[in-house]
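A quick write-up on the structure given underneath.
Please treat every number below as a calculation from the coordinates, not as lab data. Keep in mind that this is a model prediction, so the values were computed, not measured. Don't worry about glycine lacking a Cβ; one is built from the backbone with ideal geometry, like all the others, and counts go over all protein chains shown.
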Amino acid sequence: MNANRIPPIASLRDVERIEETPLEARDMPSSTYDLLRRSAQRNPDAPALTFLLQGTADETPYRLTYAELFARITQTANAFHRLGIRPGKAVSFLLPNLPHTHLTLWGGEAAGIVNAINPLLEPEHIAELIRASDSEVLVTLAPFPGTDLWDKVAGLRDHLPGLNAIVTVDLANLLPEPQRNAIKAQRGPLPEGVLDFDELIAACPADRLESGRDIQPDDIASYFHTGGTTGTPKLAPHSHRNEVAMAMILAFLLDFGESDTTLCGLPLFHVNGVMVTGLAPFFRNAQVLLATPQGYRNPSLIQNFWKIIERHRVSFFSGVPTIYAGLLQIPSEGHDLSSLRYALCGAAPMPVELIRQFEGKTGLKLIEGYGLTEGTCGSCGNPPAGERRPGSIGLRMPYCEVAIKVLDEQGNFLRDAATNEIGNVCLRGITVFKGYLQASKNKDIWVDGDWFNTGDLGRMDTDGYIWLTGRSKDLIIRGGHNIDPQLIEEALHKHPAVAMAAAVGKPDEKAGELPVVYVQLKPGAQASEAELLEHAAAHIPERAAIPKDVWIIDAIPVTAVGKTFKPALRFDAIRRVFESVLQPLDAGISIEVRNDDRHGQRADIRVPALDAQRRAEIERRLAPFPVKFELIAS
């Protein structure tokens, strides 16, 4: 059997059989640069990267073959080397999804370390990440109509003395004449000292690394920030071994081949876009279709999605629940979708009803997965060739160890969980990082030796399927967008009438969760919920973190040691949402949300005169929510 082909995965036993051959024995490349070099040598003329600028089905795309892609990556690595980037030194990028973003990613890793930054962050967060990574070069967009990245960078330049160079990607270079020259003439020359990406790499050799670097598997390749887009970010270093192993594992699981085309609509500052629809298909000489700079945020891409699938014969794409909910609204009838094999959903729980509707509409198989930046990308997934259990995150992936650990109230390890017992989901293995770059962030992240505590709660059934049941961390996940509740709470605490504030997520049929905040007022103080909501909007810099509701309650629930007890608030938020959805049917319906040994939480809904018609209507209304519920006749 070819060491780089594995049998289809249908069960945990298949995973264990695959692991009988160590990953290193499967002709594992030594680095991401080595992986890309091998693919270029194996099939140099195959299409590697296809880029759509507008997101229409009939536009002429920009294409790079594997030979061209690898040559430009080599040139980019040499350009960074000439700018002073060495092993252990970082180059940051602040870019949308462009061919240049891939060049920066893999060229940056070949020269030193690449640091990916979310362009939607506020300028102070961007500066913090550049400083934390000790970056000496920044790659961003040149001034261009309709974009604001250059404005953000221009305002930061004086506050980043450690930057030796700023390199800009000029979107005008991707436009046809005469638009290109018209935009450049209107804009004028680049600011003094700022370099042009295309001109810079054109002056560098494409056939060798000028550094002569011999990249080692344990060399740090990249930093990806985690902990959400609010609060203090944490930098997770990935080694070349981490990233190559992840690419191989994902390629195995999804059975990528040279005839596949994977559509990338998720951002390239995030591990999903970089790994699932980037390095994994590159490992197998598949084609990556980079679908517009904004990806799924581009309305044109969503409106033309099925046309693009048909024209480019897309076989795979990855998304989050909000994307799938949006695509359900776009008619697919009349389009040939026969090329589609799989779609992957991660980042947030996928409602079972949404899975059923999407599969019924498209005919493709939707695989729920689970992963973390700290594990390089993915750790679990429903087996493509086996039983998919909706609501489960599936089996652990090959070479990814996953265990459920029972911890005490202080987070100390007690024992391994029994079958179907809820505990902390913990990871170990070749794709798991060695700890955050900032040593202060590494307190209590390891349990029972070298197991990484994800902060998620879950259970494992008798067949090895893993079910998430909640979070011990307090992050709110809005459509895959991590929100630190502390930022919301700190903003509310600035209001003179607020004694305590506690932010949690309320269930939402499209985003999975939306932020809400509970408020306890100071004795004798007065404030309306509308006033507090307005205050929150004015004091929270991250738009996604602005709460949808402020609910004033008599007292914030606390534990025996006085800590805010958020499970009670999450249960109350579920109750409020369900009551609102069922309110038109109200005839004595009562809802109680409580702990559940198998699902973490469950809504018991007591309904008078519960006949088949009434049951069907309630189930229809609640099906889009990723919350377990039971209907009880009363």
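Structure notes:
- The distance separating the Cα centre of segment 434-512 from that of segment 133-191 comes to 35 Å.
- Residue 148/residue 440 FRET efficiency (R0 35 Å; Cβ-Cβ; nearest 0.05): 0.65
- Loop trypsin sites (Lys or Arg not before Pro), segment 35-85, which have at most 13 other Cβ atoms in a 10 Å radius of their Cβ (DSSP): none
- Diffusion constant of segment 568-633 at 25 °C, which comes from Stokes-Einstein with the Kirkwood Cα-pair radius and 0.890 mPa s, µm²/s: 204 µm²/s
- Between segment 299-343 and segment 46-76, the alpha-carbon center distance in angstrom: 20 Å
- For the chain, the extents of the C-alpha atoms along the principal axes are 75, 60, 55 Å, listed from largest to smallest.
- In this simple spin-label approximation, residue 159 and residue 531 carry label points 7 Å from Cα along the Cα→Cβ vector, and these lie 3.2 nm apart.
- Entries of 566/628; 365/548; 234/434; 152/443; 152/494 with Cα pairs more than 22 Å apart: 365/548; 152/443; 152/494
- Antiparallel bridge percentage (DSSP; both residues within segment 484-634; nearest 5): 65 percent
- Residue-averaged [θ]222 nm for the chain, counting only DSSP H segments that reach four residues, each worth -39500 (n - 2.57): -8500 deg cm²/dmol
- 16 Å Cα-Cα reach of residue 361 towards aspartates and glutamates, excluding residues that sit fewer than 8 places from it in its own chain: 310, 333, 336, 353
- For the pair residue 490 and residue 594, a Förster radius of 30 Å applied to the C-beta separation gives a FRET efficiency near 0.50, rounded to the nearest 0.05.
- Simple label model, 7 Å out from Cα along Cβ direction - residue 612 to residue 585, nm: 1.6 nm
- Distance in nm between pseudo-label sites at residue 82 and residue 338 (7 Å out along the Cβ direction from Cα): 5.0 nm
- Building the convex hull from the alpha-carbon atoms of segment 476-556 and averaging its projection over directions returns 4.8 nm².
- With both residues required to sit in the chain, DSSP beta bridges show an antiparallel share near 55%.
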